[in-house]
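The values are calculated or read from the model by the stated rules, or taken from the named source; none is laboratory data. The model shown is predicted, which means the values in this text are computed figures rather than measured ones. For neighbour counting, all protein chains shown are included, and Cβ atoms are generated from backbone atoms with ideal geometry for every residue, glycine included. For accessibility, only protein heavy atoms count, side chains too; no ligands or nucleic acids. Shrake-Rupley method; radii C 1.70, N 1.55, O 1.52, S 1.80 Å.
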Amino acid sequence: MLGIVHARREQWPAAAKNYTKVVELRPTDHEAYHFLAPLLVQAGDLEAYRRHCERILRQFAGTTNPVVAERMAKDCLFVPPPASEFSAIARMIETALAAGTNHQYWPYFQFVKGLAEYRQGRFASAAEWLQRVLGQNADIYRTVQAHMTLAMAQYQLKQVEEARVTLAKGLELAETRFPKSGKASLDDQWHDWIIAHVLMREAKALIEDASGHTQEAK
């Protein structure tokens with residue numbers, strides 16, 4: 001609970017410290033791992049994040065729970081992972097996808113598959129998976145994350161104008177729908193708020209900086 005309070009107040013190092021303790025005391029609690037991963041990145045401790053991902057894969061690579069598999073895979077993918085981790089991540093994603101299209105979290109499974117395809121340089125496949133996610137916009141954070149990843153895939157496919165349009169749409173959604181940083185407490189999806197912003201920074205650096213365009217961060 002202290003970790004949640006700190007995170008919603010954007011007190012990232014304090015929240016990371018709380019969730020680090022939870023992981024140590026409850027090593028099979030996937031939610032603690034799920035929340036700690038974005039906190040470590042937001043706190044700027046990428047070395048600790050990499051170690052955390054290694055621990056995730058040791059603990060959960062063999063899970064049979066599709067929701068746990070999707071979350072743990074996403075936690076290892078929203079920052080580019082080393083190639084050595086792709087095999088274990090892929091197993092978790094296949095576990096999620098095996099749950100089928102009728103699963104209530106199918107759009108999340110589609111997104112993590114698209115993100116994985118992008119990270120492995122399969123840009124056309126990534127775009128196909130991510131386009132499907134955009135038609136299901138019940139979760140604004142997932143929608144923005146999908147826009148950012150799709151924009152990067154389009155850019156890598158040399159679809160530069162399409163990439164800029166997709167990026168702009170995602171940034172507009174974030175600007176109009178996300179809680180504002182520093183203005184008030186974040187909502188219960190603060191972890192996805194972080195992941196969305198990480199992907200937003202990556203997409204903007206790839207598409208805007210490379211093309212000579214600049215835009216104020218949202």
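Annotations
- Here the condition is being out of contact with any Phe, Trp or Tyr (no Cβ under 9 Å at 6 or more places or on another chain), assigned to a loop (DSSP other than H, G, I, E, B), among the hydroxyl-bearing types (Ser, Thr, Tyr) and buried (at least 16 other Cβ atoms within 10 Å of the Cβ); of Thr63, Thr95, it holds for Thr63 alone.
- For the residues Val41, Val23, Val68, the requirement of being over 28 Å from Ala153 (Cβ atoms) and open to solvent by less than 40 Å² (accessible area, probe 1.4 Å) singles out Val23.
- The set of residues from region 66-81 being of a type in the set (A, V, I, L, M, F, W, C) and part of a loop (DSSP other than H, G, I, E, B) comprises Cys76, Leu77, Phe78, Val79.
- Flag if Ala205 is of a type in the set (A, V, I, L, M, F, W, C), surrounded by 15 or more Cβ atoms within 10 Å (Cβ to Cβ) and either farther than 19 Å from Ala7 by Cα or modelled with pLDDT of 95 or more (or both): no
- Condition met for Gly121 (under 17 Å from Ala163 (Cα atoms) and open to solvent by less than 30 Å² (accessible area, probe 1.4 Å)): no
Okay, residues lined up against (1) touching a Leu at 6+ places or on another chain (Cβ under 8 Å); (2) touching a residue at least 40 places away in the same chain (Cβ under 8 Å); (3) open to solvent by 20 Å² or more (accessible area, probe 1.4 Å); (4) of a type in the set (Gly, Ala, Ser):
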{"site": "Leu46", "(1), (2), (3), (4)": "yes, no, yes, no"}
{"site": "Arg58", "(1), (2), (3), (4)": "no, no, yes, no"}
{"site": "Cys76", "(1), (2), (3), (4)": "yes, no, no, no"}
{"site": "Ser84", "(1), (2), (3), (4)": "no, no, yes, yes"}
{"site": "Ile89", "(1), (2), (3), (4)": "yes, no, no, no"}
